[in-house]
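> Quick one: the structure is below, and I'll ask about it shortly.
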Amino acid sequence: MEVGDMECVFVHPKTNQLMALLTIIRDRDTRRADWIFYADRVIRLVVEHALNFLPVAVKEVNTPVDEATYSGLAFLNKIVGVSIIRGGEAMETALRSCCRNIRIGKILIQRDESTATPEYYYSKLPEDIHERHVLLLDPMLATGGSLLTATRVLLDSGVREEKIIAVTVIAAADGIRAVTEKHPLIRIVTAEVDEHLNEKKYILPGCGDFGDRYFGTE
Ligand code: URA
């Protein structure tokens, strides 16, 4: 099955805005100030898209006009963001801009560059995380190793698999398969799916090292 057709994968619609923004951040010649600005715009779009997969309740309100009523929806607010350091931290501002007062946990996982395997070092999560839906932030889903490691940490903290929504900017097909094979109930939201990884496990065509380009450490 194509990963784009999987029930648990939600790719942002290919709008002209999104495509133009992705073209800028994938361009190796984009200068850093521009890169951060446009990466932030893509992040905002995927965060907004991901919020659509949170539960809501039916709600009716009275409008100020002639006692008219409006049948709408209400946010339930039992959510938490968890960023995988360091790329995920670039997504926190967008999440905070959309969700007032949201709690944000952290998980530190580092990729051993020689073996490309993820190593877990540290986490700090709210105590009641098991009662919340988790927006798990990591811009580049490459092999799926970091996401699988972070998921283990969340499951060990009592979070149910179906309450995890991974929010990514670019997701590689192999990474999506690796995550969904092990955790079929996790939902993955992304701006675009790329087909390949290179021998160093970078996404192709990708946009390079997201953390390095965002934080200026290349
Ligand atoms: N992490 C990145 O920042 N880029 C990739 O292509 C893969 C993992």
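Read the figures in this text as sums done on the coordinates, not as results from a lab. Please read all numbers here as calculations on a predicted model, not as lab measurements. For neighbour counting, all protein chains shown are included, and Cβ atoms are generated from backbone atoms with ideal geometry for every residue, glycine included.
> Could you pull out every residue, at least 5 positions away or on a different chain, whose amide H is within less than 5 Å of the one on residue 105? Hs are placed 1.01 Å off N in the peptide plane, and Pro or chain starts have none.
81, 82, 83
> May I ask you to derive the FRET efficiency for residue 218 and residue 1 from their Cβ-Cβ distance with R0 = 30 Å, giving the value to the nearest 0.05?
Here the calculated transfer efficiency is 0.25.
> List 167, 80 from most exposed to least, where exposure is judged by having the fewest other Cβ atoms within 10 Å.
Details: 167 29, 80 23.
Going from sparsest to densest Cβ surroundings: 80, 167.
> List every residue whose amide H lies under 5 Å from the amide H of residue 119, counting only residues 5 or more places away in sequence or on a different chain, with H placed 1.01 Å from N in the peptide plane.
Close amide H contacts, sequence-distant or interchain: 110, 111, 112.
> I would also like to ask the following. Using only Cα atoms, find the angle between the long axis of helix 173-182 and the longest principal axis of the chain, and express it within 0 to 90 degrees, rounded to the nearest 10.
60
> Convert each backbone phi in the stretch 13-18 into a coupling constant with the Karplus relation 6.51 cos²θ - 1.76 cosθ + 1.60 (shift: θ = phi - 60°), then list the ³J(HN,Hα) values in order as whole Hz, x for Gly and Pro.
Computed from phi, the couplings for the stretch 13-18 are x, 6, 7, 4, 4, 4 Hz.
> A follow-up question, please. Give a quick list of trypsin sites (Lys or Arg not before Pro) in the stretch 160-218 that DSSP marks as loop, anything other than H, G, I, E or B, with at most 10 other Cβ atoms within 10 Å.
Within the stretch 160-218, the qualifying trypsin sites (Lys or Arg not before Pro) (loop, at most 10 other Cβ atoms within 10 Å) are 200.
> To continue, here is another question. Quickly work out the residue 20-to-residue 41 label distance, labels modelled 7 Å from Cα along the C-beta direction, and quote it in nm with one decimal.
Here the answer is 0.6 nm between the modelled labels.
> Within a Cβ distance under 12 Å of residue 193, other residues only, what is the Lys/Arg minus Asp/Glu net charge? Walk me through the numbers on the way to the answer.
On the way: positive: 14, 177; negative: 2, 5, 174, 192, 194, 195.
That works out to -4.
> May I pose another question? Considering the chain as a Gaussian network with a 10 Å cut-off on Cα pairs, which listed residue, 69, 117, 143, attains the greatest mean-square fluctuation?
Of 69, 117, 143, the Gaussian network model singles out 69 as fluctuating most.
> As an exercise, identify the GluC sites (Glu not before Pro) in the stretch 1-61 lying in DSSP coil whose Cβ has no more than 15 other Cβ atoms within 10 Å. Display every interim value, and only then the final one.
Working: sites: 2, 7, 48, 60; in loops: 2, 7.
When the GluC sites (Glu not before Pro) of the stretch 1-61 are filtered for loop state and at most 15 Cβ neighbours within 10 Å, 2, 7 remain.
> Measure nothing but the geometry: give the 0 to 90° angle between the long axis through the Cα atoms of 32-51 and the longest principal axis through the Cα atoms of the chain, rounded to 10°.
Compared with the principal axis, the helix lies near 50 degrees.
> Further question on the same structure: Only helical DSSP H runs with n ≥ 4 go in: add -39500 (n - 2.57) per run for the chain, normalise by residue count and round the 222 nm mean residue ellipticity to 500 deg cm²/dmol. Kindly include the intermediate steps, with their values, before the conclusion.
Values: 6 runs with 66 residues, N = 218.
When only DSSP H runs of four or more count, the value is -9000 deg cm²/dmol.
> What ranking of 38, 214 emerges when the number of other C-beta atoms within 10 Å of each C-beta is taken as an exposure proxy, fewest first? Please list the in-between numbers first.
Numbers: 38 18, 214 22.
Ranked by crowding around the Cβ, least crowded first: 38, 214.
> Then there is this: How tilted is helix 145-156 with respect to the longest principal axis of the chain? Cα atoms for both, answer in degrees (0 to 90, nearest 10).
50
> Can you list the HN-Hα couplings for the stretch 67-83, worked out from phi with the Karplus curve (6.51, -1.76, 1.60; θ = phi - 60°), rounded to whole Hz and with x for Gly and Pro?
Here the 3J(HN,Hα) series is 6, 5, 10, 10, 9, x, 9, 10, 5, 9, 6, 8, 10, 8, x, 10, 9 Hz.
> In percent, what relative contact order does the chain have, based on Cα pairs under 8 Å that are 6 or more apart in sequence?
23
> Within 10 Å of each candidate Cβ there may be at most 12 other Cβ atoms; applying that plus a DSSP loop requirement, which trypsin sites (Lys or Arg not before Pro) in the stretch 1-91 survive?
Working: sites: 14, 26, 28, 31, 32, 41, 44, 59, 78, 86; in loops: 14, 28, 31, 78, 86.
Those that pass, being in a loop and sparsely packed, are 14, 28, 31, 78.
> Tell me, what is the percent relative contact order of the stretch 1-129, built from C-alpha pairs under 8 Å that lie six or more residues apart?
15
> How would the chain be classified by its alpha-carbon gyration tensor: rounded, prolate or oblate, with rounded meaning a/c under 1.5 and the a/b versus b/c comparison settling the rest? Before the final figure, lay out each step's value.
Working: a/c = 1.74, a/b = 1.37, b/c = 1.27.
Verdict is prolate for the chain.
> Which order results if 65, 9 are arranged by neighbouring Cβ count within 10 Å, fewest first? Walk me through the numbers before you get to the answer.
Values: 65 7, 9 21.
With the sparsest Cβ surroundings first, the list reads 65, 9.
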